[in-house]
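A.B. asks: I have a structure here, written as structure tokens, and I will follow up with some questions on it.
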Amino acid sequence: MDPTIGNITELIIFAILAVTAIVSAVTVVTAKEVVRAAIGLVVTMFLIAAFYIMLNAQFLGVVQILVYVGAIGVLILFAVMLTKKEFGDDVE
């Protein structure tokens with residue numbers, strides 16, 4: 001089989017998405033700030049949706065964005081931002 005330009009382009013896009021997904025997933029686990037970990041989780045979920053779309057499963061990609069990125073990601077970010085962080089002498 002002779003690789004065509006379309007196959008090579010798709011392979012390059014997949015490789016870029018895969019490396020970015022791995023980096024953002026590692027960021028979720030290793031981030032010291034919770035907000036950065038939550039943002040890394042949202043980015044990872046977007047990239048998983050991109051994988052679904054590349055696999056011609058557009059419905060799953062849209063559901064991934066709506067449910068996980070839209071609902072769960074925003075819920076985690078709001079929960080993190082609304083919790084009170086104690087600084088130094090602010091302890092009550």
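A.B. asks: For Gly40, all conditions in the list (1) more than 11 Å from the chain's Cα centre (by Cα); (2) modelled with pLDDT of 90 or more hold save one; what is the number of the exception?
C.D. replies: (1)
A.B. asks: Quick one: count up the residues across segment 17-59 that are among the hydrophobic types (A, V, I, L, M, F, W, C) and exposed (fewer than 12 other Cβ atoms within 10 Å of the Cβ).
C.D. replies: Within segment 17-59, residues that are among the hydrophobic types (A, V, I, L, M, F, W, C) and exposed (fewer than 12 other Cβ atoms within 10 Å of the Cβ) number 4.
A.B. asks: Criterion first (under 30 Å from Asn7 (Cβ atoms) and part of a helix (DSSP H, G or I)) does Phe78 satisfy it?
C.D. replies: no
A.B. asks: Any residue that is modelled with pLDDT under 90, in a helix (DSSP H, G or I) and within 24 Å of Thr83 (Cα to Cα) - is there at least one of those in segment 13-30?
C.D. replies: Within segment 13-30 (the criterion being modelled with pLDDT under 90, in a helix (DSSP H, G or I) and within 24 Å of Thr83 (Cα to Cα)), the answer is no, since none of the residues qualifies.
A.B. asks: Okay, next question. Could you list, in sequence order, the residues of segment 1-15 that are of a type in the set (A, V, I, L, M, F, W, C) and surrounded by 12 or more Cβ atoms within 10 Å (Cβ to Cβ)?
C.D. replies: If the condition is that a residue be of a type in the set (A, V, I, L, M, F, W, C) and surrounded by 12 or more Cβ atoms within 10 Å (Cβ to Cβ), then Ile13, Phe14 are the ones that fit.
A.B. asks: Same structure again: Given the structure, is Phe46 in a helix (DSSP H, G or I), over 17 Å from the mean Cα position of the chain (by Cα) and at pLDDT 90 or above?
C.D. replies: No; evaluated as a whole, the condition is false for this residue.
The values are calculated or read from the model by the stated rules, or taken from the named source; none is laboratory data. This structure is a prediction, so every number in the text was calculated from the model and none was measured. FYI the Cβ positions are ideal-geometry reconstructions off the backbone, even for glycines, and counts take in every protein chain you see.
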